[in-house]
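Every number in this text was worked out from the coordinates using simple rules, so none of it is lab data. Bear in mind the structure is a predicted one, so any value in this text is a computation, not a measurement. Cβ placement follows ideal geometry from the backbone for every residue including glycine, while neighbour counts extend to all protein chains displayed.
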Amino acid sequence: MFSLAEKTVLLTGASGGIGGAIARAVRERGAHVGLSGTRVKALQAVASDIGAGAYVLPADLSTPDGVNQLVAAATDALGGIDILINNAGLTRDSLAIRLKDEDWQTVIDVNLTATFRLSRAVLRSMVKARWGRIINISSIVGITGNAGQTNYAASKAGIIGMSKALAQEVANRSVTVNCVAPGFITTAMTEALSTSQTQKLLTNIPTGRLGTVHDISAACIYLASEEAAYVTGHTLHVNGGMAMI
Amino acid sequence: MSDVADRVKKIVIEHLGVDEEKVVESANFIEDLGADSLDTVELVMAFEEEFGCEIPDDAAENISTIKNAIDFIETQQG
Ligand SMILES: NC(=O)c1ccc[n+]([C@@H]2O[C@H](COP(=O)([O-])OP(=O)(O)OC[C@H]3O[C@@H](n4cnc5c(N)ncnc54)[C@H](OP(=O)(O)O)[C@@H]3O)[C@@H](O)[C@H]2O)c1
């Protein structure tokens with residue numbers, strides 16, 4: 001079950017905490033994986049850790065050119081893209097009253113617009129092949145909101161709406177489009193939280209622990225697999241029960 | 001038959017996987033050739049690529065038969 005043998009994956013945000021775990025997981029299931037991010041050294045570290053079947057594909061997703069070049073480079077390296085995992089994302093937190101236009105735009109550009117552009121760019125070949133998977137990493141915050149994250153919440157909610165619309169357009173070509181919405185996941189970012197902050201967080205998480213990057217990569221593996229062929233337009237919430245939607 | 005007509009028909013046959021004899025000039029992509037809306041968009045994109053022209057959305061909306069496509073491309077090239 002859940003084999004990805006012979007498949008090719010383009011993964012963005014591969015230099016990040018969650019991305020690294022997704023990269024290893026898809027490779028373990030047999031897929032060849034293109035690793036994208038802006039930090040070349042970090043990508044190379046993931047690639048050398050994985051070994052054969054991983055390709056370093058640096059790109060800045062904040063521009064249309066960055067997206068187009070990435071798709072061309074990935075198609076070249078992998079021979080085609082069967083599975084796209086849009087995992088790159090960033091935050092520029094501030095209360096709305098002080099949020100700068102620039103910080104609104106950057107978050108929308110990278111989290112939402114690049115996700116759309118990459119999806120659009122891979123669609124034609126997926127539709128032609130009559131097989132494809134697009135998996136977009138959203139966030140619990142896209143559903144529940146979070147003070148200080150109007151830009152981020154909008155981008156992550158936008159990803160969900162976009163995915164549902166896109167899913168309807170391509171469903172009869174056996175291309176599925178789904179989201180994974182993580183709750184609080186332990187990464188370098190959340191490790192910076194103090195123990196009292198973590199304790200407070202945990203009171204809202206029925207499972208009694210933060211999520212791990214493996215919780216997220218497992219959800220991606222499922223949605224990428226043949227077994228998930230009948231699941232589309234869905235958002236898989238992986239949040240330890242923190243929000244039951 | 002014009003060169004444009006040949007090329008248009010070839011694209012339609014390849015893309016929709018229909019028999020050559022069905023691909024007559026009066027054939028409607030959706031009603032006669034079983035295309036859906038995504039197919040028609042893909043066809044327009046394939047025509048654009050083949051003929052190196054741009055087919056704006058309002059023109060594309062009026063391209064529903066093989067003849068419509070040939071006529072549009074010929075006026076562009078003319
Ligand atoms: N960690 C959590 O608790 C949590 C919760 C909910 C949702 N998420 C979502 O999960 C995804 C991964 O998060 P993470 O925790 O692994 O974060 P992370 O460690 O900060 O990784 C973010 C990734 O996005 C890439 N990225 C950022 N800006 C980019 C740009 N302009 N062009 C190309 N790539 C860019 C980064 O690449 P470089 O570093 O190489 O620039 C990095 O690989 C994100 O979409 C995030 O919103 C995370």
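Taking the range A:1-27 only, how many residues are more than 7 Å from the ligand (Cβ to nearest atom) and in contact with a helix residue (DSSP H, G or I) (Cβ under 9 Å, 6 or more places away or on another chain)?
Count: 17.
Looking for whichever is touching a strand residue (DSSP E or B) at 6+ places or on another chain (Cβ under 9 Å) and either free of Cβ contacts under 8 Å to residues at least 60 places away in the same chain or within 14 Å of the ligand (Cβ to nearest atom) (or both) here; the options are A:LEU201, A:LEU236. Which one fits?
Only one candidate passes the filter, namely A:LEU236.
With the condition being in contact with a Lys or Arg (Cβ under 9 Å, 6 or more places away or on another chain) and farther than 19 Å from A:TYR152 by Cβ, I'd like the helices (runs of 4 or more DSSP H) fully within the range A:8-101 carrying at least 3 qualifying residues.
In the range A:8-101, the matching helices (runs of 4 or more DSSP H) lie at A:40-50, A:64-78.
Taking the range A:53-72 only, how many residues are away from the ligand (no atom under 12 Å from the Cβ), touching a strand residue (DSSP E or B) at 6+ places or on another chain (Cβ under 9 Å) and without any contact (Cβ under 8 Å) to a residue 24 or more places away in the chain?
Going through the range A:53-72 one residue at a time, the tally reaches 1.
Residue by residue through the range A:91-133, note down the ones that are surrounded by fewer than 17 Cβ atoms within 10 Å (Cβ to Cβ) and free of Cβ contacts under 8 Å to residues at least 40 places away in the same chain.
Across the range A:91-133, the qualifying residues are A:ILE97, A:ARG98, A:LYS100, A:ASP101, A:GLU102, A:GLN105, A:ARG120, A:ARG124, A:LYS128.
Can you list residue pairs whose Cβ atoms sit under 7 Å apart, with the first residue in the range A:14-30 being closer than 19 Å to A:LEU70 by Cα and the second being part of a helix (DSSP H, G or I) and not hydrophobic (A, V, I, L, M, F, W, C)? Count only pairs 6 or more apart in sequence or on different chains.
A:ALA14/A:GLY20; A:ILE22/A:SER217
Hey, A:GLY208 hits all of (1) outside any helix (DSSP H, G or I); (2) within 15 Å of the ligand (Cβ to nearest atom) but one; which does it fall short on?
So the condition that A:GLY208 fails would be (2).
Restricting to the range A:126-146, what's the tally of residues that are away from chain B (no Cβ under 14 Å) and over 14 Å from A:ALA219 (Cα atoms)?
8
Can you pull out every residue in the range A:142-165 that is outside any loop (DSSP other than H, G, I, E, B) and surrounded by 22 or more Cβ atoms within 10 Å (Cβ to Cβ)?
Once the filter is applied, which keeps residues that are outside any loop (DSSP other than H, G, I, E, B) and surrounded by 22 or more Cβ atoms within 10 Å (Cβ to Cβ), the range A:142-165 yields A:GLY142, A:ASN151, A:TYR152, A:SER155, A:LYS156, A:ILE159, A:SER163.
Any idea which residue in the range A:75-90 is farthest from A:LEU35 (Cα to Cα), counting only those that are touching a residue at least 24 places away in the same chain (Cβ under 8 Å) and within 16 Å of the ligand (Cβ to nearest atom)?
Checked the range A:75-90; the qualifying residue farthest from A:LEU35 (Cα to Cα) is A:GLY89.
State which residue is farthest from A:SER125 (Cα to Cα) when the search covers only the range A:60-75 and only residues that are more than 18 Å from the chain's Cα centre (by Cα) and among the hydrophobic types (A, V, I, L, M, F, W, C).
Filtering first and then ranking leaves A:ALA73.
Scan A:GLY142, A:GLY148 and give me the residue that is touching a helix residue (DSSP H, G or I) at 6+ places or on another chain (Cβ under 6 Å) and within 16 Å of the ligand (Cβ to nearest atom).
A:GLY142
Give A:VAL127, A:VAL122, A:VAL107 a once-over and let me know the one that is under 22 Å from A:LEU11 (Cβ atoms) and within 13 Å of the ligand (Cβ to nearest atom).
Exactly one residue qualifies, and that residue is A:VAL107.
Could you run through the range A:178-198 and say how many residues are among the polar types (S, T, N, Q) and within 7 Å of the ligand (Cβ to nearest atom)?
Residues in the range A:178-198 being among the polar types (S, T, N, Q) and within 7 Å of the ligand (Cβ to nearest atom): 2 in total.
So, in the range A:160-179, of the ones that are out of contact with any Cys (no Cβ under 6 Å at 6 or more places or on another chain) and more than 14 Å from chain B (Cβ to nearest Cβ), which residue ends up farthest from B:GLU49 (Cα to Cα)?
Filtering first and then ranking leaves A:CYS179.
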